[in-house]
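Data first, discussion second: the structure below is written as structure tokens.
The values are calculated or read from the model by the stated rules, or taken from the named source; none is laboratory data. Not measured: the values here are computed from a predicted model. So basically every Cβ, Gly included, is an ideal-geometry build from the backbone, and we count neighbours across all protein chains shown.
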Amino acid sequence: MTYLVLGVVAGLAAVERKGFLQAMLARPVVLGTLAGLALGDPVAGLFVGVPLELLWLGAVNLGASLPVHEALGTAVITGATVIAARALAAAGFTGPAVLPAIAVLSVALGAPMALVGRSAERMAERWNDRLLERAHEALATGSSAGMAQVNLLGLALPFGVGLVLAPAGAAIAGSIVSALLLRAPAALGPLGMGWAVFAGFACASGARALRDLRAPVYFHAALAAGALLAGSAALAGGGG
Amino acid sequence: MTLSRSTLAHCFFRSLFLQAAWNRRGMQNLGFAYAVDPALRALYAGDPERRRAAMERHLGFFNCHPYTAAAILGGALHHEEKVAAGQERPREVEIYKSTLQGPLAAIGDGFFWTALRPFVGALAALGALAIGWPGVVLALTLYNAIHLSLRMTLFRAGYRQGDAVIGDIARLGLPAAAARLRVAAAALCGLCAALLGARSGVVPHSAGILFAVLGAAGGHLALSRGARLLPAAYAAMAAGTATALAASRLHGRF
């Protein structure tokens, strides 16, 4: 059931991302939360969705260019995180160090699916070329309404790609992550640090995606201010 | 004949599927023809041959930003009414579409894709870190309030004014707003880095913040020098993990 739910959510996100509406529902910060919620772990979904949003902030569809498929990548990473978290919890792994370690390995294994998704999108464009021919044929036979409806057939392949690839990718990545951590529990702490560095890197990727000469200045100034504030709060709160 | 409100609403709804069958030869042409179909059905109700000819002219190449294309769709309907009434040549519709699609694509890409959406994405990330999922919902609501209202406004303006819609779009001042949103988004990314470090689950929190800040500063430097995104992301993960492993060996704990 987990895999079916994840597949449907990923399929709908793949459709919303380009074919219908484009209301940011397929963006990582939203999709991560929704997928996590659908799989019964919204905390894990939000945990991975936030840095993925910033990592892929520049993934935009400008003209005929194709960005990475951030929705498929997010669905796979969220699914893998939830699946691995369940397996580790069942084995008695709890505590704050578990989720970051799972997340960093899930990102490492799941992120390439965003590239696979881009290839699938190229395939969908070629499929749509055939739909265009079908539309011309329908028009030639006098079926104007039939010609117009051909457009909706273009939603099928992106949905199918999400439906199949997201659960498959999540199942493989999730089982590898849980197997690795069950065999090397001592890696939990160091992997958490890897997650912290990755999260910071993701923010830098977001800032770089903003094509403005002043963006680096604002980014570094806010980074310094945020570090001071968060650092002071951490030290004052006793967790520092 | 003028189009009814329900027909216009139907066309607008269908415009949300503009990119459903994006293809390499005509790009958004199938989506545009799909959106304009209810209007052509109403305008050429008793004349299938003229309807077919009208559909054919909307199967020509079309590519624009999916939001700002609403203005072109509205304007195309404005012109189609005149064509159906015999007040304009069919060629006028094609000229209108081909003239506006490039400039409106540039405006839409520049404002929505490279400014508003990244800004709201960074705002949602910061909101999620500060107050959890309600922060995401608030950001999403803000984005769609702007996106949908602008999309509807542009459609209405295009339909009512035809070619004069350009003046309305220019008055919105989108390029200037985009520049402000981009620098604000960059600042939000900086704040997110520090907060992500604090919420990374690493204990002590100050270590998490330090590692995240180093990742942000180092990552920005690497990406500025042309590093590719995914390999650089792997290098960041590996560097953080290896540093922590080395530290744990030195201090015998973690």
Flag for residue A:109 being in contact with a Phe, Trp or Tyr (Cβ under 8 Å, 6 or more places away or on another chain) and modelled with pLDDT of 95 or more: no
Selection count where residues are at the interface with chain B (Cβ under 7 Å from one of its Cβ atoms) and within 26 Å of residue A:10 (Cβ to Cβ), scope region A:170-193: 1
In region B:86-95, what count of residues is obtained for those that are surrounded by fewer than 21 Cβ atoms within 10 Å (Cβ to Cβ) and assigned to a helix (DSSP H, G or I)? 4
Complete set of residues in region A:27-70 that are more than 9 Å from chain B (Cβ to nearest Cβ) and either hydroxyl-bearing (Ser, Thr, Tyr) or not in a helix (DSSP H, G or I) (or both): A:39, A:40, A:41, A:59, A:65, A:66, A:67, A:69
The one condition residue A:159 fails out of (1) crowded, with 23+ Cβ neighbours inside 10 Å; (2) within 30 Å of residue B:39 (Cβ to Cβ); (3) of a type in the set (A, V, I, L, M, F, W, C) is (1)
List every residue pair whose Cβ atoms lie under 6 Å apart, where the two residues are 6 or more positions apart in sequence or sit on different chains, the first residue falls within region A:25-44 and is crowded, with 24+ Cβ neighbours inside 10 Å, and the second residue, located anywhere, is at pLDDT below 95. A:39/A:2
Check whether at least one residue in region B:237-245 is farther than 20 Å from residue A:56 by Cβ and crowded, with 21+ Cβ neighbours inside 10 Å, and report yes or no. yes
Within region A:1-24, which residues are assigned to a loop (DSSP other than H, G, I, E, B), within 21 Å of residue A:53 (Cβ to Cβ) and without any contact (Cβ under 8 Å) to a residue 60 or more places away in the chain? A:21, A:22, A:23, A:24
Is it true that residue A:115 is modelled with pLDDT of 95 or more, at the interface with chain B (Cβ under 9 Å from one of its Cβ atoms) and surrounded by fewer than 20 Cβ atoms within 10 Å (Cβ to Cβ)? yes
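Among helices (runs of 4 or more DSSP H) lying entirely in region B:1-85, which contain 3 or more residues that are out of contact with any strand residue (DSSP E or B) (no Cβ under 9 Å at 6 or more places or on another chain), crowded, with 19+ Cβ neighbours inside 10 Å and aliphatic (A, V, I, L, M)?
Qualifying helices (runs of 4 or more DSSP H): B:29-43, B:69-84.
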